[in-house]
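Read the structure below first, then the notes.
The values are calculated or read from the model by the stated rules, or taken from the named source; none is laboratory data. Just so it is clear, the model here is predicted, and its values are computed rather than measured. A quick note on method: Cβ atoms are made from the backbone with ideal geometry, for glycine too, and the neighbour counts reach across all protein chains shown. Accessible surface is based on the protein model in full, side chains and every heavy atom, while ligands, DNA and RNA are left aside. Shrake-Rupley method; radii C 1.70, N 1.55, O 1.52, S 1.80 Å.
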Amino acid sequence: MGLVGMQGNENGNGEISEIPLGAKTKYIRMNSDLTETEEGLPINNPETRKFVFVCAIFASLNSVLLGYDVGVMSGAIIFIQEDLKITEVQQEVLIGILSIISLLGSLAAGKTSDAIGRKWTIGLAAVIFQTGGAIMALAPSFKVLMIGRLLAGVGIGFGVMIAPVYIAEISPAIARGSLTSVPEIFINFGILLGYISNYAFSKLPAHINWRIMLGVGLIPSVVIAVALFAIPESPRWLVVQNRIEEARLVLIKITNSEKEAEEKLQEIQIAAGSANADKYETKAVWLEILRPSPAVRRMLITGCGIQCFQQITGIDTTVYYSPQIFKNAGITGNSQLLAATVAVGFTKTLFILIAILFIDKLGRKPLLYASTIGMTVCLFSLSLSLAFLSHAKAGIILAIIAVCGNVASFSVGLGPICWVLSSEIFPLRLRAQASALGAVGSRVSSGVISMSFLSVTRAITTSGTFFIFGLISCSAIAFVHYCVPETKGKSLEDIEVLFQNEGELQGNEVEMGDVEHLMQKS
């Protein structure tokens, strides 16, 4: 080995000597071979690749619950209103409160995952959501429906925060972007299932169909209960808990060899530092977040900022209220409206696969540029179609293309990469709590936008609302340019160094790029 991670260097006696965090990344040529960190190498063992992928799949199942809820509620609300006779304000509250209340789950998930582990926090999320979902499906009144909605929101808050953190901590750097995007795939898949469920059960009586629509969403929770016995705990969490031998066994399962596992263990131990020291207590972690160093401040701006931009560009309103948007465009009839939303769901799911294929090849920033620029164009196009071509055939076609283009652009970049970045840029001691804070920003933004959408459209029209979303999307392009570093191919420990010195960032990226180029030539 020419280099052991960022923090360990092998000397002539085979011993590991420490390099302080913050040291600049160096690549050393030895025996005429250019080498890089072991975490940057691909997993060559097919069984190991399969195991890591299965872990990512199982950890992401909670995301199906979030996606299904978002998709199914867009159609179910039509029949809930008909059955329970709820007002427009109650509709807004019922839809938007899930995102607001999920912040409680996201905040609690950080501390909970540090206490009981990433794996069992995933299980807790499923239990809470399943309880809330069952209450919603059987609710005899709006009040009971809201109780179930609140519980489901807490469960979703746990799930959306912990899955990317868990996956990032078990994934090799070369595939971390793709694997950490798996929850976003499952969110999109859940949305599509929700839309299909709407369409499939829409012809049943109104007092039954929405209950079946909501009840079907409980199925993934059962699978999660089984999955918990198949996936390991995060090795990084085990190291922090000083369960070194267990961490070593997990690393052997997710790396190429025992030697690589041992080297990775040394690297994680150095990054974790004195894992049981006072500085890792929750109070100290939150103190560091509330009074951040310049490096941590840059991490928080990037992580929390990208989470907020993901929602304030209006993606949830496009998904939740797509039937209303298409109705404003000129489509009539519940079946036609729900059929149009299925097209949106297919588009959103299809384009997330593009992100998975290219996120670790092209990098995070190119996809974010394509995403935010594409969203901006589509949001302005939707605004113009609703303003000047409403109820015309051309206007309906343009509205459908604009909505599908918006969700496609979102799925290519801002959707999945938001979670990738927020799970990989923070140091180990802060990762769970800082990721939870970012998830809170996402959930609050989503809730506020969703709960106010109908009221705002009444005040400034649907066209005006999407014009504002277009302006916000413009500012997201600038944010990506100035605040988001490229993290492709870097280990979690390497990424921490990127934020240590603002002036060092560009040079580090060039150096990494040079190494990749040389590796390709060799």
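For the range 168-196, a residue qualifies if it is surrounded by fewer than 24 Cβ atoms within 10 Å (Cβ to Cβ) and within 15 Å of Asp69 (Cβ to Cβ), and the qualifying residues are Phe189, Leu192, Leu193, Ile196. Being out of contact with any Leu (no Cβ under 7 Å at 6 or more places or on another chain), free of Cβ contacts under 8 Å to residues at least 40 places away in the same chain and more than 22 Å from Met451 (Cα to Cα) is the filter here, so list the residues in the range 119-171 that pass it. Those that are out of contact with any Leu (no Cβ under 7 Å at 6 or more places or on another chain), free of Cβ contacts under 8 Å to residues at least 40 places away in the same chain and more than 22 Å from Met451 (Cα to Cα): Leu124, Pro140.
Which of the residues that make up the range 340-370 are closer than 16 Å to Ile401 by Cβ and not basic (Lys, Arg)?
Ala340, Thr341, Val342, Ala343, Val344, Gly345, Phe346, Thr347, Leu350, Phe351
Restricted to the range 282-312, and to residues there that are of a type in the set (D, E, K, R) and outside any loop (DSSP other than H, G, I, E, B), the residue that is nearest to Ser409 (Cα to Cα) is Arg298.
Given the options Ile325, Ile312, Ile354, name the one that is assigned by the TED database to the domain that holds Phe479, open to solvent by 20 Å² or more (accessible area, probe 1.4 Å), modelled with pLDDT of 90 or more and within 30 Å of Tyr199 (Cβ to Cβ). Going through Ile325, Ile312, Ile354 in turn, just one is assigned by the TED database to the domain that holds Phe479, open to solvent by 20 Å² or more (accessible area, probe 1.4 Å), modelled with pLDDT of 90 or more and within 30 Å of Tyr199 (Cβ to Cβ): Ile312. Identification of helices (runs of 4 or more DSSP H) wholly contained in the range 133-245 with 3 or more residues that are among the small types (Gly, Ala, Ser) yields 142-170, 173-180, 182-201, 219-227. Of the residues examined, Phe351 is one that is farther than 25 Å from Gly464 by Cα and either touching a strand residue (DSSP E or B) at 6+ places or on another chain (Cβ under 6 Å) or not basic (Lys, Arg) (or both). What about Ile116, is it out of contact with any helix residue (DSSP H, G or I) (no Cβ under 6 Å at 6 or more places or on another chain), assigned by the TED database to the domain that holds Ala152 and free of Cβ contacts under 8 Å to residues at least 60 places away in the same chain? When the stated conditions are applied, Ile116 passes them. As for the range 150-167, it holds no residue that is touching a helix residue (DSSP H, G or I) at 6+ places or on another chain (Cβ under 8 Å), open to solvent by 10 Å² or more (accessible area, probe 1.4 Å) and farther than 21 Å from Gly447 by Cα. Do the conditions hold for Leu251, that is, is it among the hydrophobic types (A, V, I, L, M, F, W, C) and open to solvent by less than 10 Å² (accessible area, probe 1.4 Å)? Taking the combined requirement at face value, the residue satisfies it. Checked against the criterion of being in contact (Cβ under 8 Å) with a residue 60 or more places away in the chain and closer than 20 Å to Glu486 by Cα, the candidates Ile356, Ile325, Ile331 yield just one match: Ile356.
Inspect all residues belonging to the range 436-449 and state whether any of them is touching an Asp or Glu at 6+ places or on another chain (Cβ under 7 Å), buried (at least 24 other Cβ atoms within 10 Å of the Cβ) and over 17 Å from Ser102 (Cα atoms). So far as the range 436-449 goes, no, none of its residues is touching an Asp or Glu at 6+ places or on another chain (Cβ under 7 Å), buried (at least 24 other Cβ atoms within 10 Å of the Cβ) and over 17 Å from Ser102 (Cα atoms).
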